[in-house]
Every structure is written in C-alpha cells, then in structure tokens.
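Undergrad: Before I ask anything, let me first share the structure, which is written out below as structure tokens.
The values are calculated or read from the model by the stated rules, or taken from the named source; none is laboratory data. In this text, all values refer to a predicted model and were calculated from it rather than measured experimentally. Reconstructed Cβ throughout: ideal geometry from the backbone, glycine too, with neighbour counts over all protein chains shown. Quick note on the areas: whole protein, heavy atoms, side chains included, nothing else; ligands and nucleic acids left out. Shrake-Rupley method; radii C 1.70, N 1.55, O 1.52, S 1.80 Å.
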Amino acid sequence: MHIDQDQLYKFIIDSGLISKEEYETIKKKSEEEGKPLQDTLMALGKINEDDYLRIQAYLVGIPFVDLTKTKVAIDILSLIPEPIARKHSIVAYSKKDDYLEIALMDGDDLNAIDFIKKKTGLRVLPRLTNTASIKNLLLQYQKSLKADFGDIIQKEIGNLKLIDSDRKDIDSDNIEDLKKMADDLPVIKIVETLLNHAAIQGVSDIHIEHGDQNTIIRYRLDGLLHDAMILPKNSGPSITARIKVLANLKLDEKRLPQDGRFKIDMNGEKISFRVSVLPTYYGEKIVMRLLRENVSGFTLEGLGFHGQALEDMHDALNYSEGMILTTGPTGSGKTTTLYTMLDILNTPDVNISTVEDPIEYQIKRINQTQIRSDIGFTFASGLRSLLRQDPDIIMIGEIRDNETASLAINAALTGHLVLSTLHTNSAAGAVPRLMDMKCEPFLLVSTIKIIIAQRLVRRLSETKIQHMLNDDELSQLAKKIDLDRVLVFMRKEKIIDDKMTWKDIIFYKPNIVDENNNGFKGRIGIHEALKVTLTIKELIMKNETADKIERQAKKDGMLTMIEDGIMQAAKGLTSIEEVLRVAND
C-alpha cells in the first residue's frame, strides 16, 4: 500500500520514534540504496513490522487488527478458499449481516479484494494486520477443517449404525439392497464430506481399507501416506457401495477388480476421481486418485527444471521429429512433465494427438484417446490408428511392450515428435530397457533427443529453519556426491558466490509445528536430463551398460538426480534429508 513519504515523515517525527536529524540521515541512505524509506527504517531497527503496519493503517484510514490469538469459525474462514488466502495473505475473520471483515497485509491487492466481493456477494471491510496474525489464521484452516469434517463424519456414522442395525434383512449380495445402502442419506453425506475434505487438503490419493475390526481412511499428501480417519467396520460396505455408484461400477461384483471414474464440482473447480477397486480378504479396497481438470499454465521452471537441463529440454522441444522420454517410478510426476511439454507445444499450427491410460488431465485443442485393453484397444492399436489421423506431435502414455516401442520409433523416424514414458530408475537405464524390447541401437540413436528421469521431493514451507552443515554431515554427503563437482554447478548457476565453500552455504530444515504442519507444503521435481550427444550415441551403438552411459553423460555436463536435489536444497526449496530419502538408491 502506497504511503505519501511526507505524511510518513510528519507522523514519525511527531510520534518521537526518531529525531529530525536521524530521519534525514536515514532518508538519504534509503535514496542511495533505492529502497522505500520504511524498509530502511525497519532494517536499522528504528521501527518493527507492527509499528509500520499500525502507522500505515492510521495514515490510510484502515483499522489495524491483531489476530494472533483469535479463533475463527470454519464457516467464516472458508468464505475465502485456502489457496487464495495463502497466496495473497488475506483471511476472512468476522461476518455481521452482509458485511465481511477481512485481514490483509497489502491494501493495494485490489484484485484479491474484488475476487472476494464477487465470490461472497458481501460488502468487504478490509483491515490491516501483521504476519503473525495471518500465520495464525492460515494454520486454523487445517485444524478447523479436520475437526469439523471429522465431526460431520462421526455424526453420520452414528446414523449409519442405526440404519444398519434396523436392516436385518439386507442381503449384501442382492443388487437392490446394495442400491438402498448406497442411497442412504448418511452414507451420501459421509462420502461427500470425505471427498471434499481430501480435495481441500490437497490430497493426491484416498485409500479406503477394510480390516477385521474397522475401516481405515488414508490420505497420500505430498507423496506420503498417513491415516486420516478410522471408522467402524460396519460402515465399510455402505461406503464401498456409494463409491461404486458414483463411479458407475457393478455393485454386485466383488470377486474381480474394477476401475471407474467420476467428477465433483467444488467451489467452481472440477475435480475428477479415478477409482480402483480391488478384492481383499476383509472386503474391497478402494483407491481414488484426485485429478484437477483443465490443468494448464505449468512451466518447466515451475516443475523444478533449471540450468543446462532446462536449456536441453527447450532445445529438444524445438525439433519437429524425434523422441523425448521421461522415466521414473509410479507417482514421480512423469505425466505432469509430459503435459507441461504438450502445453508448450500446443499452438494452432500443429495437430497433437495422444493415447493414454488413463487420461489424467484434459487439455484444449489436443485430441486425447483413452486405451481400453479389455476390448483389445491397446497402446499399439491406438497408436497405429492415430498415425492415420495426420498428427504432428504424438504423446504415448507409456511404452510397455515391443510393439508399442517399435511403432513409437517408426513414428519418430517418419517426421513426428513423439513424447512418452518408461518405467526405469534412471535416465541412462532407458536405453537398455528399450533394447530389452528388441529396439535396434541404430534406431535409438536416430530418434531419441533427450531422456528425463525424475522424482518428487517435498517443498519446505515458509517457516523453514536455517541449517549449516557440520564436518560430519559434509563427510556423509561426500559419500553420496562429488562435492567439488556440485560446487562448480552451483557457482555456474549463481546459487552461491565464487568464494563460497560448503560450510558457507545456508541449507534449511523443516519447522515442525504440530501434527497438522510438518514443515512441508507441496512438492517439486528433481531431475536428470540425459541429452543424446555424439559420445552417448557411440556408447549406445556399442551396447554399453547404463553405468557407462551415465558416466559419459556426467562428463557431458549432466547433473544426476541426487546432485540436482542438493542444488534445490541449496536454493532453500527442500532439505538435504528429503533429497536423500527420495533419490538415494
């Protein structure tokens, strides 16, 4: 928020915070450094953040509120979606009649204020507050949501018990009885609440597992599974039946696995749930993958690519033919990387077609085809048909067999840019994997432009704690990476100064506040980008091992995943422990 410097000067002098002589000296210093006066005052310790915000509030006529110890009801908090609140540091804390009081730190953020007016239909009263107040209210999102959703589910479980106990005549194998179970109001509310809770939390997968004594709900958040709820055992069949109805699956089929899909609309955002049902000893286990639809706007930089790897990626995307491969285990972000590349390539002058299993995100102007192996529509048959559709760019969800690999290579040889994935542990490992699929070395060197291997590491939250490596930690790290080599890359990318050593680099650790805040928020990729250079081509033609190919790639300037992860840690994006947990073979 802009404050007239003359007004600020008069207020500070009148309040006695500093003398006129001190003010002139500080003003001159701020002008020399090109910084706002208030920043220089705070840097010199003449005023703190609270002092400045209170002055700001007074001068612009907006009240200041301290909310560091305020508890806000979830129905008020949720008037502003958590992602908006976190991004703009703006939170709703009080509602009276058609007036909504919001606390914020930047009164000039008119877009956010206007968004809240339109979304709520209320008259918005802005109030300035401090960082501590915003942090307190943001933390309440997680605590309140978990408690309130938990209360709703427990209440409906109680109703569900009564219904089940009254229905002694229910036949769990009779489809009409199963439909009645699925359509009971309590189970509808339980499942709806469960889905909304998971979506708000940013969960990637929901696991519903049946045991001999209870039903356990687990969430995968930032790559790690944890227990979310424990429900009575007799709630399991009703929840399973409800989810089957939503996903249009067979209610009376309990012996075979089933797959389905359904969508919900939450706060104007469409979320797709990919459902997998698997028979187990105590019942049918359900895993639901949450997918945000119409995803676009990703960038390679935003996914964690940087330096030479980023340049090599953009170079590969400039080809009109050839093959780009991404590798890694399930859940390592391969598909997101592919979609990001497609988003970059998606221009009106090209025809982009895909064959996928499943279609995870829907992208405008791209022709996406779902594989159906159960009726014989495989990657190979889909790709064969797709090639008759005059494509310029082709994305194949995964190369799984010899036939698909052969068709993909032939497509890359005949003027198409082909993007696909493989399940290998490293970029270099993709070459022997393709050779196992009977792909000829001379065809691989003619088509492959770049191979990306990746993993996802948890991103540190803003409250991270600084950490300097001691001798013992450096010694342990030296066993994993070449310290001198990584230091050269850090200097090259200006992450550190030329004179800095490992003992001068500030790393960070998570600040674990409580069970709802483990110090991490979201994930970012760590990568290795193996560009198929002339030296790499020679090794492929000689059928050399993945180890030899990787050693040559490092000589050509490739960072391995663990080295890339350490550089991301040096940037303050993640911790060294997190990198070693994910990338340590």
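Undergrad: Which residues, taken from region 339-373, are in contact with a helix residue (DSSP H, G or I) (Cβ under 8 Å, 6 or more places away or on another chain) and under 15 Å from His416 (Cβ atoms)?
TA: Within region 339-373, Met341, Leu345, Asn351, Ile352, Ser353, Thr354, Val355, Ile366, Asn367 qualify.
Undergrad: Could you check, for region 422-437, whether at least one of its residues is touching a residue at least 24 places away in the same chain (Cβ under 8 Å), in a loop (DSSP other than H, G, I, E, B), touching a strand residue (DSSP E or B) at 6+ places or on another chain (Cβ under 7 Å) and crowded, with 24+ Cβ neighbours inside 10 Å?
TA: yes
Undergrad: To continue, here is another question. Kindly establish whether Leu383 is at pLDDT 90 or above, surrounded by fewer than 16 Cβ atoms within 10 Å (Cβ to Cβ), in contact with a helix residue (DSSP H, G or I) (Cβ under 7 Å, 6 or more places away or on another chain) and over 20 Å from Gly328 (Cβ atoms).
TA: Taking the combined requirement at face value, the residue does not satisfy it.
Undergrad: For region 512-535, which residues satisfy the criterion of being farther than 30 Å from Thr463 by Cα and either under 33 Å from the mean Cα position of the chain (by Cα) or among the charged types (D, E, K, R) (or both)?
TA: Ala529, Leu530, Lys531, Val532, Thr533
Undergrad: Additional query: Residues of region 118-135 being within 13 Å of Leu77 (Cβ to Cβ) and surrounded by fewer than 20 Cβ atoms within 10 Å (Cβ to Cβ), which ones?
TA: Thr120
Undergrad: Keeping to region 325-357, report how many residues are within 29 Å of Gly223 (Cα to Cα) and open to solvent by 40 Å² or more (accessible area, probe 1.4 Å).
TA: Count: 7.
Undergrad: Only one residue in Asp39, Asp75 is loosely packed, with under 15 Cβ neighbours inside 10 Å, over 30 Å from Gly522 (Cα atoms) and either in contact (Cβ under 8 Å) with a residue 60 or more places away in the chain or within 35 Å of the chain's Cα centre (by Cα) (or both). Which one?
TA: The unique qualifying residue is Asp39.
Undergrad: Let me ask something else. For the structure I just gave you, tell me whether Leu573 is open to solvent by less than 50 Å² (accessible area, probe 1.4 Å), touching a residue at least 12 places away in the same chain (Cβ under 8 Å) and within 21 Å of Gly302 (Cβ to Cβ).
TA: Yes, satisfied.
Undergrad: May I pose another question? Do the conditions hold for Gly16, that is, is it modelled with pLDDT under 70, at positive phi, loosely packed, with under 14 Cβ neighbours inside 10 Å and not basic (Lys, Arg)?
TA: yes
Undergrad: Looking at region 398-413 only, could you name the residues that are in a loop (DSSP other than H, G, I, E, B) and under 20 Å from Glu321 (Cβ atoms)?
TA: The answer is Ile399, and nothing else.
Undergrad: Just to verify a result, which residue in region 207-224, among those that are open to solvent by 30 Å² or more (accessible area, probe 1.4 Å) and among the hydrophobic types (A, V, I, L, M, F, W, C), is farthest from Ser238 (Cα to Cα)?
TA: Leu224
Undergrad: Right, Gly322: open to solvent by less than 10 Å² (accessible area, probe 1.4 Å) and either within 19 Å of Arg274 (Cβ to Cβ) or in contact with a helix residue (DSSP H, G or I) (Cβ under 6 Å, 6 or more places away or on another chain) (or both) or not?
TA: Yes: the conditions hold for Gly322.
Undergrad: Hey, another quick one. Using the structure shown, decide if Ile102 is part of a loop (DSSP other than H, G, I, E, B), surrounded by 17 or more Cβ atoms within 10 Å (Cβ to Cβ) and modelled with pLDDT of 80 or more.
TA: Taking the combined requirement at face value, the residue does not satisfy it.
Undergrad: Among the candidates Asn410, Asn367, which residue alone is farther than 26 Å from Leu444 by Cβ, open to solvent by 10 Å² or more (accessible area, probe 1.4 Å) and at pLDDT 90 or above?
TA: After applying the criteria, what remains is Asn367.
Undergrad: A further question follows. Every residue in region 238-281 that is buried (at least 20 other Cβ atoms within 10 Å of the Cβ) and over 29 Å from Arg372 (Cβ atoms), please.
TA: The answer is Ser238, and nothing else.
Undergrad: Would you pick out the residues in region 183-202 that are open to solvent by 20 Å² or more (accessible area, probe 1.4 Å), within 19 Å of Leu139 (Cβ to Cβ), assigned to a helix (DSSP H, G or I) and not hydrophobic (A, V, I, L, M, F, W, C)?
TA: Once the filter is applied, which keeps residues that are open to solvent by 20 Å² or more (accessible area, probe 1.4 Å), within 19 Å of Leu139 (Cβ to Cβ), assigned to a helix (DSSP H, G or I) and not hydrophobic (A, V, I, L, M, F, W, C), region 183-202 yields only Gln201.
Undergrad: State the number of residues belonging to region 354-368 that are in a loop (DSSP other than H, G, I, E, B) and either farther than 22 Å from Asp259 by Cβ or in contact (Cβ under 8 Å) with a residue 60 or more places away in the chain (or both).
TA: Qualifying residue count, region 354-368: 8.
Undergrad: Take region 110-132 and flag every residue that is free of Cβ contacts under 8 Å to residues at least 24 places away in the same chain and either assigned to a strand (DSSP E or B) or touching a strand residue (DSSP E or B) at 6+ places or on another chain (Cβ under 7 Å) (or both).
TA: Within region 110-132, Ile113, Lys117 qualify.
Undergrad: On the given criteria, is Ile359 β-branched (Val, Ile, Thr), modelled with pLDDT under 90 and in contact with a strand residue (DSSP E or B) (Cβ under 7 Å, 6 or more places away or on another chain)?
TA: In short, yes.
Undergrad: Looking at region 145-153, is at least one residue surrounded by fewer than 18 Cβ atoms within 10 Å (Cβ to Cβ) and at pLDDT 80 or above?
TA: No, every residue in region 145-153 fails to be surrounded by fewer than 18 Cβ atoms within 10 Å (Cβ to Cβ) and at pLDDT 80 or above.
Undergrad: Yes or no: region 396-405 includes at least one residue that is out of contact with any strand residue (DSSP E or B) (no Cβ under 9 Å at 6 or more places or on another chain), surrounded by fewer than 17 Cβ atoms within 10 Å (Cβ to Cβ) and in contact (Cβ under 8 Å) with a residue 40 or more places away in the chain.
TA: no
Undergrad: Please verify whether region 532-547 includes one or more residues that are closer than 24 Å to Thr327 by Cβ and of a type in the set (Lys, Arg).
TA: yes
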